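To start, the structure under review is shown below, and the notes come after it.
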Amino acid sequence: MTYIDYYEVLGVPKTATQDEIKNAFRKLARKHHPDLNPNDKEAKAKFQRINEANEVLSDPDKRKKYDKHGKDWQHAEEFEKARKSQQRPSGSWQQRSFDGAEEDDFSDFFESLFGGGASSRRGGRTKAKGQDWNAELKLTLEQVYTTHPQTITIDGKNIRITIPAGTENEQRIRLKGHGGKGTNGAPDGDLYITFIIADDPVFKRKGNDLYATVDLDLYTAVLGGEKTIDTFSGKLKLKVNPETQNGTKIRLKGKGFPVYKKEGHFGDLYITYNIQIPTNLDEKKKELFKQLSKM
C-alpha cells in the first residue's frame with residue numbers, strides 16, 4: 001500500500017489552517033480540472049488526488065485520524081480492535097504502541113487483517129465507500145437571480161442540476177452517489193459543489209438587498225424628473241425629486257434580490273445618486289450659470 005502525503009498533494013504544511021487548506025485546494029482544482037484539460041490523463045489523476053486530499057484534510061475528524069494513522073486512517077478502528085485481539089503464541093498480549101510503530105510494520109499487519117489473507121479467511125473482500133469529490137461552479141449574480149438549470153461535467157459525465165434563485169456565494173450542495181466508485185458493492189461517494197458567484201459591475205449584493213450607484217445629470221437633479229435604469233428583472237423607472245442632492249439614497253422596497261427558496265419574496269434595492277457636473281460648456285451656457293450665481 002503506497003503512502004500518500006495529502007499535505008504534500010495540496011502543497012501545505014501539516015500546521016496549515018482550514019482556510020489555508022481550502023485556498024490551496026481551490027487553486028489546484030482550477031488548474032487541473034478535467035474540463036480545462038480534456039485530453040490530459042495526468043491532470044485527471046491529479047484532480048482526483050487533490051479531491052481525495054481535500055476530502056480528508058478539510059474534515060477535522062478525518063484529518064485527526066489521518067495524522068495519527070497515515071494511509072490506513074479509514075481502518076483505524078478495525079486495526080485497534082484487531083490489535084487488541086492479536087496474541088503472542090505464548091498467549092500473552094502483544095504489547096506495542098502504534099504511535100511508535102514503523103510504517104512498514106503497520107502495513108504488513110494491516111494487510112494480514114484486511115488484505116488478501118483476510119479475503120481467503122473471510123470468504124470476501126473489504127468493502128470501501130467511494131471517494132467524495134469536490135467541485136466549483138462559477139456563476140454570475142444575474143444567473144442566480146432566477147432559478148435555472150445548469151449542466152456540469154465531472155469525470156467525463158454530464159450532471160444536470162437546478163440552481164435556485166437567491167443562491168449565496170460559496171454555498172455548498174451535496175449530490176449523493178456522484179463521487180468516486182465504491183468497491184465490492186459499497187456505495188459510491190458523494191459530490192460536493194461549491195457555488196462561486198462573481199462580483200457584478202453594477203449591483204452589490206448584501207444578503208437579499210442590492211446596492212447601486214446611479215449617475216444623475218445636474219438639470220434633472222435640480223428640476224426633478226425621471227431616470228430609467230436597467231435591473232436583473234428589466235428596466236425600472238425612478239422618480240427624481242427636485243433639488244436632489246449628490247449622495248442622496250433612496251430605498252425601493254421589494255426590488256432587490258430574491259430570497260433563497262422563498263418564491264415571490266425579495267429584498268430591497270438601494271440607490272445612491274451621483275450628480276454629474278456638466279462639462280464642455282459653451283459661452284452661452286457659462287453665462288447662464290454666471291447669472292444664476294448672482295441671483
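Values quoted throughout were computed directly from the atomic coordinates according to the rules given, and no laboratory measurement underlies them. As the structure is a computational prediction, the values presented were derived from the model and not from experiment. Because the Cβ atoms are built from the backbone with ideal geometry, glycine has one as well, and the counts that use them run over all protein chains shown.
Check which residues have an amide H placed less than 5 Å from Gln276's amide H, if you skip close sequence neighbours.
Leu216, Asp217, Leu218
Taking the Cα centroid of the range 159-208 and of the range 237-283, what is the distance between the two, rounded to the nearest whole Å?
33 Å
Are there trypsin sites (Lys or Arg not before Pro) in the range 192-259 that DSSP puts in a loop and that have at most 13 other Cβ atoms within 10 Å, and which ones?
The qualifying sites are Lys253.
Can you give the extra length, in nm with one decimal, that the chain gains between Met295 and Thr213 once fully stretched, where that is 0.36 nm per residue apart less the Cα-Cα distance?
26.3 nm
Among the trypsin sites (Lys or Arg not before Pro) in the range 129-161, which ones are in a DSSP loop with at most 10 other Cβ atoms within 10 Å of the Cβ? Mind listing them?
The qualifying sites: there are none.
Mind listing the long-range amide H neighbours of Phe257? Cut-off is under 5 Å, sequence gap 5 or more, other chains count too, H placed in the peptide plane at 1.01 Å from N.
Those qualifying (amide H under 5 Å, at least 5 residues apart or on another chain) are Asp209, Leu210, Gly267, Asp268.
Taking 22 Å as R0, compute the FRET efficiency from the Cβ-Cβ separation of Arg26 and Ala198 and round it to 0.05.
0.95
Less than 26 Å apart at the alpha-carbon level, and either on another chain or at least 8 residues along: which lysines does that give for Lys249?
Leaving aside lysines fewer than 8 places away in the same chain, those within reach of Lys249 are Lys204, Lys206, Lys227, Lys235, Lys237, Lys239.
Report the calculated FRET efficiency for Thr146 and Thr248 (r = Cβ-Cβ distance, R0 = 41 Å), to the nearest 0.05.
Between Thr146 and Thr248 the formula returns 0.85.
Could you work out the relative contact order of the range 128-281? I mean the mean sequence separation of Cα pairs under 8 Å and 6+ apart, divided by the number of residues, in percent.
23 percent
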